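*Asks:* Have a look at this one.
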2 protein chains.
Amino acid sequence: MIIDRLYEAVESKGHVCVGLDTDLSYIPEFLLKKHTNISDVIFEFNKTIVDSTADYASCFKVQIAYYEAYGLEGLLAYKKTLDYLREKKEIIIADIKRGDISKTAEMYAKGHFEGDFESDFITLSPYMGLDSIEPYLDYVKNKEKGLFVLVRTSNEGAKDIQFIDTAEGEKIYTTVGKKIQTLGENYLGKCGYSSIGGVVGCTHADEGREMRKTHDKTFFLIPGYGAQGGGADDVAPLLRDGNGGVVNSSRGILLAYKKADGKPEEFGAYAREEAKKMKEAIGNVI
Amino acid sequence: MIIDRLYEAVESKGHVCVGLDTDLSYIPEFLLKKHTNISDVIFEFNKTIVDSTADYASCFKVQIAYYEAYGLEGLLAYKKTLDYLREKKEIIIADIKRGDISKTAEMYAKGHFEGDFESDFITLSPYMGLDSIEPYLDYVKNKEKGLFVLVRTSNEGAKDIQFIDTAEGEKIYTTVGKKIQTLGENYLGKCGYSSIGGVVGCTHADEGREMRKTHDKTFFLIPGYGAQGGGADDVAPLLRDGNGGVVNSSRGILLAYKKADGKPEEFGAYAREEAKKMKEAIGNVI
């Protein structure tokens, strides 16, 4: 089960998930000038970030939107980045948030668990229902692949659907979370967590503790650290016994050199320092 | 407003939306042998389908999953297909069902409303909330682009989230539909419909009539015709005054030559015949 690999990576390297949401505007001038095509620019930036942060990162999350934005060139950079991560034996979470059914979902599974865009975990959106998740289950069961399904995000708009009260007296995200946990129980790793995890944003501490308690077999992918406002204290309640989740930071790490007003040539070193600080900050509160 | 273009296309050509969900297994042997790379095979198949059915189709829906499945080669076929549709001035619905927030959604907007993968309409999934739709609104308002947001799908799993009863006494999909209609009222075309439409599957007749009544300004993209079980009688209640929605058929049209046990070389003619039949079947019941 892939979740055991991720669990072990967290044990040895900590909770940090480095988000490669690489926009061209994040890339230092000198690199932009060095190459004539976008895919080389983005790939070299990503490669440096990966090399610099790997000691402090249990996994890397690649947000495909940033690559789709640049069309075929962007997706070539996406492929090269995934290839490099696989070569380095890093764990890849492809943040694709797909959500579709039957044959269409089978095609997404093929697209993101095989071939050019092969990753270890993908994120999924559950709006269409559990049959939008089924087509991926064969990969989870037999091919060392995993899923993170959107449960409760921390954006303002989460209230529009996820926070609606149901007639049963719970929030929609609670209902979704329960369904994911129940489904996930069929795909447990030796570590006790399921290869079907949940995306759960930084929350209030009480709510986080409640989520962690009720979703005792669900591993969490936690976005929203750093640039999006969450800190170590916010994520701590979602973790457990020094494991149970990974915490993503993208801009906080990629743009550390700008924030520090540092030399652009040393963006890798700044990213490394930021990843280390984040790892320690989380380590200190759990 | 782009919705006026779609409205006019329905007026002149009818409700059929041809779905280019082109799997390699749908493509006749002779075409597979003709080319050495996947992108040429898929593109030639699509081109023939487009040329053959354009007289009876108000728009074309391209399901990106089928192209992502084949990696960069597949996405090259996707780009070539969109380029060709644009060259022929056909209306393109990119069925991408993306759903993410802020900067990530901006990147998806850039990716699918500009550049290599430019389309006229895209589909979106609303699970993260209305702020996952906002980043697209500038394109809707100022750049002749449109959206179809998932409201009520007709798959079995729709019951898992969309059909949950809320404490307010309505289904989740009703709540979502209302939000979409309210948001859409700021983007009305001259035709009276909004450039923010809804994806609504074939339903029971009563429910369809209710949806049409309560969503009086929402144009519907209706999947599920043909291969997925819906017929003209099922879609009729969702339409209005000979307009108000487009009805997608993919496999029913792409695979018409197999169903008819026809000559594979004539797959275009069979597709044309099927599109014509579908147009007439819908025309007869509205």
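The values are calculated or read from the model by the stated rules, or taken from the named source; none is laboratory data. Since the structure is predicted, the reported quantities are computational estimates derived from the model, not experimental observations. Positions of Cβ are backbone-derived with ideal geometry, glycine not excepted, and every protein chain shown enters the neighbour counts. When the accessible area is computed, the model is the full protein with side chains, heavy atoms only, and any ligands, DNA or RNA have been set aside. Shrake-Rupley method; radii C 1.70, N 1.55, O 1.52, S 1.80 Å.
*Asks:* Do we find a residue being buried (at least 24 other Cβ atoms within 10 Å of the Cβ) and not basic (Lys, Arg) anywhere in region B:209-216?
*Replies:* Here is the first cut: in region B:209-216, the ones buried (at least 24 other Cβ atoms within 10 Å of the Cβ) are B:215.
If we keep only those that are not basic (Lys, Arg) as well, we get B:215.
Yes.
*Asks:* Continuing with this model, one more query. Considering only region B:143-153, I want to know if a residue exists there that is under 21 Å from residue B:97 (Cα atoms), at pLDDT below 95 and of a type in the set (S, T, N, Q).
*Replies:* yes
*Asks:* Moving to a separate point now. Test each condition in (1) in contact (Cβ under 8 Å) with a residue 60 or more places away in the chain; (2) more than 11 Å from every other protein chain (Cβ to nearest Cβ) for residue A:63 and report the one that comes out false.
*Replies:* (2)
*Asks:* If you take the residues in region A:63-117 that are touching a strand residue (DSSP E or B) at 6+ places or on another chain (Cβ under 8 Å) and of a type in the set (D, E, K, R), which one is nearest to residue A:150 (Cα to Cα)?
*Replies:* A:97
*Asks:* Please enumerate the residues belonging to region B:135-170 that are within 10 Å of chain A (Cβ to nearest Cβ), over 17 Å from the mean Cα position of the chain (by Cα) and not β-branched (Val, Ile, Thr).
*Replies:* Those that are within 10 Å of chain A (Cβ to nearest Cβ), over 17 Å from the mean Cα position of the chain (by Cα) and not β-branched (Val, Ile, Thr): B:156, B:157, B:158, B:159, B:160, B:162, B:163, B:165, B:167, B:168, B:169, B:170.
*Asks:* Another question, if that's okay. Would you check which residues across region A:240-282 are surrounded by fewer than 14 Cβ atoms within 10 Å (Cβ to Cβ) and either among the basic types (Lys, Arg) or at pLDDT below 95 (or both) and list them?
*Replies:* A:241, A:242, A:259, A:261, A:263
*Asks:* Please tell me if residue B:57 is surrounded by 19 or more Cβ atoms within 10 Å (Cβ to Cβ) and within 13 Å of chain A (Cβ to nearest Cβ). Let's see the steps before the verdict.
*Replies:* Details: surrounded by 19 or more Cβ atoms within 10 Å (Cβ to Cβ): yes; within 13 Å of chain A (Cβ to nearest Cβ): no.
Answer is no for this residue.
*Asks:* Starting from residues that are farther than 21 Å from residue A:129 by Cα and more than 7 Å from chain A (Cβ to nearest Cβ), keep the ones in region B:116-128 and report whichever is farthest from the chain's Cα centre (by Cα).
*Replies:* Just the residues of region B:116-128 that are farther than 21 Å from residue A:129 by Cα, to begin with: B:116-121.
From the residues that got through so far, the ones that are more than 7 Å from chain A (Cβ to nearest Cβ) too are B:118-121.
On the way: B:118: 15, B:119: 12, B:120: 11, B:121: 8 Å.
Result: B:118.
*Asks:* Which of the residues that make up region A:87-101 are in contact with a helix residue (DSSP H, G or I) (Cβ under 7 Å, 6 or more places away or on another chain) and either without any contact (Cβ under 8 Å) to a residue 24 or more places away in the chain or within 8 Å of another protein chain (Cβ to nearest Cβ) (or both)?
*Replies:* Within region A:87-101, A:98, A:99, A:100, A:101 meet the criteria.
*Asks:* Taking the condition free of Cβ contacts under 8 Å to residues at least 60 places away in the same chain, within 14 Å of chain B (Cβ to nearest Cβ) and of a type in the set (Phe, Trp, Tyr), does residue A:113 pass?
*Replies:* So residue A:113 passes the test.
*Asks:* Something else about it: Mind counting the residues in region A:146-158 that are touching a helix residue (DSSP H, G or I) at 6+ places or on another chain (Cβ under 9 Å), touching a residue at least 24 places away in the same chain (Cβ under 8 Å) and open to solvent by less than 10 Å² (accessible area, probe 1.4 Å)? Explain how you work it out, then say what you get.
*Replies:* Let us first name the residues in region A:146-158 that are touching a helix residue (DSSP H, G or I) at 6+ places or on another chain (Cβ under 9 Å), namely A:146-147, A:149-158.
With touching a residue at least 24 places away in the same chain (Cβ under 8 Å) added as a condition, the list becomes A:146-147, A:149-155, A:158.
Okay, now just the ones that are also open to solvent by less than 10 Å² (accessible area, probe 1.4 Å), so A:146-147, A:149-151, A:153, A:158.
Result for region A:146-158: 7.
*Asks:* A further question follows. Looking at residue B:70, is it in contact (Cβ under 8 Å) with a residue 12 or more places away in the chain and closer than 22 Å to residue A:108 by Cβ?
*Replies:* In short, yes.
*Asks:* Kindly provide the set of residues from region A:1-57 that are of a type outside the set (D, E, K, R), assigned to a loop (DSSP other than H, G, I, E, B) and out of contact with any Ser or Thr (no Cβ under 7 Å at 6 or more places or on another chain), ordered by number. Can you show your working first?
*Replies:* Keep residues of region A:1-57 that are of a type outside the set (D, E, K, R), which gives A:1-3, A:6-7, A:9-10, A:12, A:14-20, A:22, A:24-28, A:30-32, A:35-39, A:41-43, A:45-46, A:48-50, A:52-54, A:56-57.
So of that shortlist, the ones also assigned to a loop (DSSP other than H, G, I, E, B) come out as A:1, A:14-15, A:20, A:22, A:27-28, A:35-37, A:57.
Matches in region A:1-57: A:22, A:27, A:28, A:35, A:36, A:37, A:57.
*Asks:* I would also like to ask the following. Can you pull out every residue in region A:175-198 that is within 14 Å of chain B (Cβ to nearest Cβ) and in contact (Cβ under 8 Å) with a residue 12 or more places away in the chain?
*Replies:* Those that are within 14 Å of chain B (Cβ to nearest Cβ) and in contact (Cβ under 8 Å) with a residue 12 or more places away in the chain: A:176, A:177, A:178, A:179, A:180, A:181, A:183, A:198.
*Asks:* Right, another one. Kindly establish whether residue A:131 is open to solvent by 10 Å² or more (accessible area, probe 1.4 Å), within 10 Å of chain B (Cβ to nearest Cβ) and either among the acidic types (Asp, Glu) or closer than 21 Å to residue A:218 by Cα (or both).
*Replies:* So residue A:131 fits the description; yes.
*Asks:* Open to solvent by 40 Å² or more (accessible area, probe 1.4 Å) and farther than 28 Å from residue B:260 by Cα: which single residue out of B:114, B:29, B:68, B:44 fits that description?
*Replies:* None of the others qualify; the one that does is B:114.
*Asks:* Taking only pairs six or more apart or across chains, which ones have beta-carbon atoms under 6 Å, a first residue in region A:267-286 that is more than 13 Å from residue A:17 (Cα to Cα), and a second residue that is open to solvent by less than 50 Å² (accessible area, probe 1.4 Å) and among the hydroxyl-bearing types (Ser, Thr, Tyr)?
*Replies:* A:267/A:257; A:268/A:48; A:268/A:52; A:270/A:257
*Asks:* Select from region A:71-86 the residues that are within 12 Å of another protein chain (Cβ to nearest Cβ) and either open to solvent by less than 40 Å² (accessible area, probe 1.4 Å) or within 19 Å of residue A:120 (Cα to Cα) (or both) and list them in ascending order.
*Replies:* Filtering region A:71-86 for residues within 12 Å of another protein chain (Cβ to nearest Cβ) gives A:71-80, A:82-83.
Residues satisfying the conditions are A:71, A:72, A:74, A:75, A:76, A:77, A:78, A:79, A:80, A:82, A:83.
*Asks:* Let me ask something else about it. What are the residues in region B:178-220 that are farther than 18 Å from residue B:6 by Cα, part of a loop (DSSP other than H, G, I, E, B) and of a type outside the set (Ser, Thr, Tyr), if any?
*Replies:* Scanning region B:178-220 gives B:201, B:202, B:204.
*Asks:* Please find, within region A:255-286, the residue that is nearest to residue A:234 (Cα to Cα) out of those that are assigned to a loop (DSSP other than H, G, I, E, B) and over 19 Å from the mean Cα position of the chain (by Cα).
*Replies:* For region A:255-286, the residue satisfying everything is A:286.
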